[in-house]
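Each value in this text was obtained by applying a stated rule to the coordinates, not by laboratory testing. All figures in this text were calculated on a predicted structure; none of them were measured in a lab. Cβ placement follows ideal geometry from the backbone for every residue including glycine, while neighbour counts extend to all protein chains displayed.
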Amino acid sequence: MITIEKGEIITFSEDSGPEFNLEVLDCFMYENQEYVVLSDPEIVFDDAKSDTTHEGDFIVCIMKIVNDGEFEGFSPVGEDKLETLLNTWKNKCTCEEVSL
């Protein structure tokens, strides 16, 4: 079973690419499935001009947490579900440092 904590740094790697780190911002449930919200750990949330994209939107990545007996890890979320998951997380989020 995967145990994930807010603030944890997770290292990802692609088959032929460099490793990169993402920080766990939050975990949440949606339709009996657990998802993790990740962001670049280099972002500092106290300076709105340097840590935002446009109009105050933070760059986040939402991934499904998978544990099916054969595979334990993270799976990308399809674009068709991404907006719904992002809105679900925004409605749940109580992080004062993240302005949504």
Pairwise label distance in nanometres, Lys92 with Glu42, each label 7 Å out on the Cα-Cβ vector: 2.9
Placing each pseudo-label 7 Å from Cα in the direction of the beta carbon, Ile9 and Val66 end up separated by a distance in nanometres of 2.6
Taking 7 Å along the Cα-to-C-beta vector as the label spot, tell me the Asp80-Glu19 distance in nanometres, rounded to one decimal. 3.6
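With a sphere of radius 13 Å drawn around the Cβ of Val66, what net charge do the other residues whose Cβ falls strictly inside it have (Lys, Arg +1; Asp, Glu -1)? Write down the numbers at each step before the final one.
Values: positive: Lys64; negative: Glu34, Asp68, Glu70, Glu72.
In short, -3.
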